[in-house]
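Following: one structure in C-alpha cells, then a few remarks.
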Amino acid sequence: MKNKHAVMRNLVTGMMASALLMVSDWLMGATGKGNVSNGVVQSNWASAATWRYEAAMLIAGFAVFMLYSGMKEMIRQFKLTRSRKDVWSIRAARIFEIGGIATVVSTLFLHAKGSILPILYHKLYATSLMGADMLTVVDEVFFYISIPFYIFSILIVVFTSVPFIYQIWQGRLRVPKWFVILNPMVFWVIGWIFRRFGAYLITDFTACMVSFGRFHGMYGFFRSPDDVLVYTSACNQDPGAEPGGIVRRVEHTLTCMKEGGSHEKDS
C-alpha cells in the first residue's frame, strides 16, 4: 500500500507540473486580439510585456523538476502493464520511454525558444530597423534551432500519445476507452483546428493544449483502478531481499508474468 501511495504522489506531482506548464505556455503563446502571424513572428510581440516571457521561462524551469516525477512514474507504469505476449505492447513501452525522457529533457529548451524569440522581436522593434529586416533576423535565429525544435516537438507529442492510446485500447490500462482522447496529440490537433477557425480568446487558450493533454494523460493513469496500481507497485518490489530470497523472487516473477506484466526492478 505504501508503494501505491508513492505512485499516486508522483502522478499528482506530474499533474501539478503540467498545470504550471499550461500557465507558462499561455504566457509565452497567447498573442491577443488583432494579431497577424508572419511565419514564426507574431505582430503583437512588438507591444507585449516582456515580463510575460521571463515569467514563462522561470515557471518552466521550476516545473521541469516536478515533471520528472510524473513522467518517470508513467514510464514505469508502462513497463509494468505491458504484456510479454504482445510485442507491440513492449514496443509501445519503449517508444513511450523515449518520448517521456525527451519531454523532460526538452521542456526548458522549448519554453526558452518560445520566450526568447518574442523578446528579441520586441527589442528589435524599438530600433531603427525596417520591418522586413526584423522578420529576417528572427527567422534566421529560429532557423538555427529549428531542427532540434521540430524533433523534440514530434517526440513529446507523438511518442507519448500513440503508445498511450494503444495501451488503453488493448485494455492494459483499465480505464474507459474514451480516455484515448486524453493525450497531447489529440489536444494539439484540437488546438490546430481552433487556431484556424476560432476567435482570438480560443486561439490564445490553444497555446497550452500540449501541456493540457499531458495533464489528462497523467490523469488517465491516476484514474486506473486500485488493483492495477497495487499490482504494478507490488511487482516493482524486490522480494529477493527478504528471507527466502531466490525462491521468493522466482515465485514473485512468475506471478507477475502470469498476470501479463513484466518484473521490472525499480531503478
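The values are calculated or read from the model by the stated rules, or taken from the named source; none is laboratory data. On a predicted model such as this, the values are computed, not experimentally measured, just so you know. Here the Cβ is made from the backbone with ideal geometry for all residues, glycine too, and neighbour counts use every protein chain on show. In case anyone asks, the SASA skips ligands and DNA or RNA and just uses the protein heavy atoms, side chains included. Shrake-Rupley method; radii C 1.70, N 1.55, O 1.52, S 1.80 Å.
Our summary gives segment 1-129 a relative contact order of 35 percent, counting only alpha carbon pairs under 8 angstrom and 6 or more residues apart.
Computed on the Cα atoms alone, the convex hull of segment 78-212 gives a volume of 122 cubic angstrom per residue.
So what's the net charge close to LEU117: Lys and Arg +1, Asp and Glu -1, counting the other residues with Cβ under 12 Å from its Cβ? Neighbourhood net charge equals 0. Taking every protein chain into account, the 1.4 Å probe leaves VAL137 with about 50 Å² of accessible area, to the nearest ten. Rolling a 1.4 Å probe across all protein chains gives GLU140 an accessible area of roughly 110 Å². The calculated FRET efficiency for VAL137 paired with VAL162, based on their beta-carbon distance and R0 = 41 Å, is about 0.65.
For segment 69-80, 3J(HN,Hα) computed residue by residue from phi via the Karplus equation (6.51, -1.76, 1.60; θ = phi - 60°) reads 5, x, 5, 4, 5, 5, 4, 5, 5, 4, 5, 7 Hz, glycine and proline entered as x.
Using a probe radius of 1.4 angstrom, the carbon and sulfur fraction of the accessible surface of segment 1-142 is 66%. Using θ = phi - 60° in the Karplus curve 6.51 cos²θ - 1.76 cosθ + 1.60, the 3J(HN,Hα) couplings for segment 17-31 round to 4, 5, 5, 5, 5, 4, 5, 4, 4, 5, 4, 8, x, 6, 10 Hz; x is entered for Gly and Pro. Computed on the Cα atoms alone, the convex hull of segment 2-131 gives a volume of 123 cubic angstrom per residue. Treating each Cα of segment 100-146 as an identical point scatterer and ignoring solvent, apply the Debye formula and state log10 I(q)/I(0) at q = 0.26 Å⁻¹. Listed by q, the Debye log ratios stand at -0.93.
Please work out the FRET efficiency for the pair LEU129 and ILE98, using the Cβ-Cβ distance as r and a Förster radius of 35 Å; give the result to the nearest 0.05. Once rounded, the FRET efficiency stands at 0.25. Strictly over 30 Å apart at the Cα level, which of LYS79/LYS113; LYS33/LYS177; LYS4/LYS177 would you flag in this model? Exceeds cut-off: LYS79/LYS113; LYS33/LYS177.
First measure r as the distance between the Cβ atoms of TRP51 and ALA6, then evaluate 1/(1 + (r/R0)^6) with R0 = 35 Å and state the FRET efficiency to the nearest 0.05. Working from the Cβ atoms, E equals 0.40. Multiplying the residue separation of PHE65 and VAL36 by 0.36 nm and removing their Cα-Cα distance gives an extension gain of 6.9 nm.
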